[in-house]
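Structure record follows, encoded as structure tokens.
The values are calculated or read from the model by the stated rules, or taken from the named source; none is laboratory data. Just so it is clear, the structure is predicted and the values come from calculations on it, not from any experiment. For neighbour counting, all protein chains shown are included, and Cβ atoms are generated from backbone atoms with ideal geometry for every residue, glycine included.
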Amino acid sequence: GGTDAQKRRAGESAAAAVEDGDVVGLGTGSTAAYAIRAIGRAVDSGLDVRGVPTSFGARALARDHGVPIVELDAVCGPDSPGIDLAIDGADQVVLGDDSNDGTIDGSATDGSATGEAETDGAGNASGALIKGGGAAHAREKVVDAAADRFLVVVDPSKRTDALDADVPVEVLPEARTTAAAAIRDAGGEPALRRAERKDGPVVTDNGNLVLDCSFGRIADPDQLAETLATVPGVLEHGIFVDLADEIHVGTADGVTVRSV
Ligand code: DER
């Protein structure tokens, strides 16, 4: 994985996009945590913001850093403000060549972050993601998709030219064997995610289990997303296509921001 400095630069770069009065989706994981801490400092300096957490962990971190919390249904009703932007990490992100990157070398971006979504020919459009390393992808996808803008924060180790990481799939506990069989039929190899500091499997905030499914190189993320979404007992999978708007990549000496 990346260094803390790279994660911090990415998180703080995205947090800088938060404006007074915004409703912000608060992502899960160690990189998004830097954004939450930065937003907390901005709140200390007078920023008016409301955060919609994507997990128990994100909520606890936001509370620890003084970021006001609102529930999704309080801001996403018919006559509500909606979510202005969501900031979240990823396990893998497709980024084509970086010719269109707007690079922040410490001070200001050069404003050229206008790279259009590209397809490298393998159906992996720039901005396609795999998420779910933190087993929070069900609520993350709800919040990230509801936001007007979705900013992804990563270190360089998450970049790829085609998605090939394991795809986390949240399943109803009693459906783990039938869902696993359907995933095998779709060409995947599912593995129940075991807990490290608890006996037995990881249990999500929603009380479900996670199958980490290896498919090798995913030539058509859209197709696989559709297949997984229709497996009975699957609550959510970690393929995020056509959702990200900006990718903030923390580097050794700055941040690269790419519009996708
Ligand atoms: O669960 C998720 O999708 C998270 O965003 C996560 O996988 C990224 O976590 P990291 O920023 O700690 O690598």
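When you scan the range 1-25, how many residues do you find that are of a type in the set (A, V, I, L, M, F, W, C) and within 11 Å of the ligand (Cβ to nearest atom)?
Total satisfying the criteria: 1.
Specify the residue that is farthest from the ligand (Cβ to nearest atom); the eligible residues are those in the range 123-140 that are assigned to a loop (DSSP other than H, G, I, E, B) and within 17 Å of Asp222 (Cβ to Cβ).
Gly123
When you scan the range 178-197, do you find a residue that is closer than 30 Å to Pro78 by Cα and either surrounded by 14 or more Cβ atoms within 10 Å (Cβ to Cβ) or touching a residue at least 60 places away in the same chain (Cβ under 8 Å) (or both), even just one?
Among the residues of the range 178-197, not one is closer than 30 Å to Pro78 by Cα and either surrounded by 14 or more Cβ atoms within 10 Å (Cβ to Cβ) or touching a residue at least 60 places away in the same chain (Cβ under 8 Å) (or both), which makes the answer no.
Taking the criterion of being part of a helix (DSSP H, G or I), away from the ligand (no atom under 14 Å from the Cβ) and over 30 Å from Gly11 (Cα atoms), would at least one residue in the range 146-159 satisfy it?
no
Determine whether Ala165 is within 16 Å of the ligand (Cβ to nearest atom) and in a helix (DSSP H, G or I). Before the answer, list the steps.
Numbers: within 16 Å of the ligand (Cβ to nearest atom): yes; in a helix (DSSP H, G or I): no.
In short, no.
Any residue in the range 59-77 that's within 22 Å of Ala42 (Cβ to Cβ): show its pairings with residues that are surrounded by 15 or more Cβ atoms within 10 Å (Cβ to Cβ) and among the small types (Gly, Ala, Ser) at Cβ separation under 6 Å, as long as the two are six or more apart or on different chains.
That search, which allows pairs on different chains as well, returns Leu61/Ala33; Ala62/Gly51; His65/Gly40; Gly66/Gly40; Val67/Gly40; Val67/Gly51; Ile69/Gly51; Ile69/Ala62.
Using the structure shown, decide if Val143 is more than 14 Å from the ligand (Cβ to nearest atom), at negative phi, at pLDDT 95 or above and buried (at least 24 other Cβ atoms within 10 Å of the Cβ).
So Val143 fails the test.
Only one residue in Thr31, Thr3 is among the hydroxyl-bearing types (Ser, Thr, Tyr), closer than 16 Å to Val154 by Cα and touching a Lys or Arg at 6+ places or on another chain (Cβ under 8 Å), so which one is that?
Thr31
Take the residues in the range 168-177 that are in a helix (DSSP H, G or I) and touching a residue at least 40 places away in the same chain (Cβ under 8 Å); name whichever of them is nearest to the ligand (Cβ to nearest atom).
The extreme case among them is Arg176.
Restricting to the range 1-54, what's the tally of residues that are of a type in the set (Lys, Arg) and within 16 Å of the chain's Cα centre (by Cα)?
Final tally of qualifying residues: 2.
For the range 218-240, state whether one or more residues are in contact with a Lys or Arg (Cβ under 7 Å, 6 or more places away or on another chain), within 24 Å of Leu85 (Cβ to Cβ) and either in a loop (DSSP other than H, G, I, E, B) or free of Cβ contacts under 8 Å to residues at least 12 places away in the same chain (or both). Write out each step before concluding.
So in the range 218-240, the residues in contact with a Lys or Arg (Cβ under 7 Å, 6 or more places away or on another chain) come out as 236, 238, 240.
Subsequent filtering for residues that are within 24 Å of Leu85 (Cβ to Cβ) retains 236, 238, 240.
When the remaining residues are screened for being either in a loop (DSSP other than H, G, I, E, B) or free of Cβ contacts under 8 Å to residues at least 12 places away in the same chain (or both), the result is 238.
Checking the range 218-240: at least one residue is in contact with a Lys or Arg (Cβ under 7 Å, 6 or more places away or on another chain), within 24 Å of Leu85 (Cβ to Cβ) and either in a loop (DSSP other than H, G, I, E, B) or free of Cβ contacts under 8 Å to residues at least 12 places away in the same chain (or both).
If Gln92 satisfies every condition in (1) in contact (Cβ under 8 Å) with a residue 40 or more places away in the chain; (2) in contact with a Gly (Cβ under 6 Å, 6 or more places away or on another chain) but one, which is the exception?
The failed condition is (2).
Please go through the range 58-91 and pick out each residue that is of a type outside the set (Val, Ile, Thr) and within 16 Å of the ligand (Cβ to nearest atom).
Ala58, Arg59, Ala60, Leu61, Ala62, Leu85, Ala86, Asp88, Gly89, Ala90, Asp91
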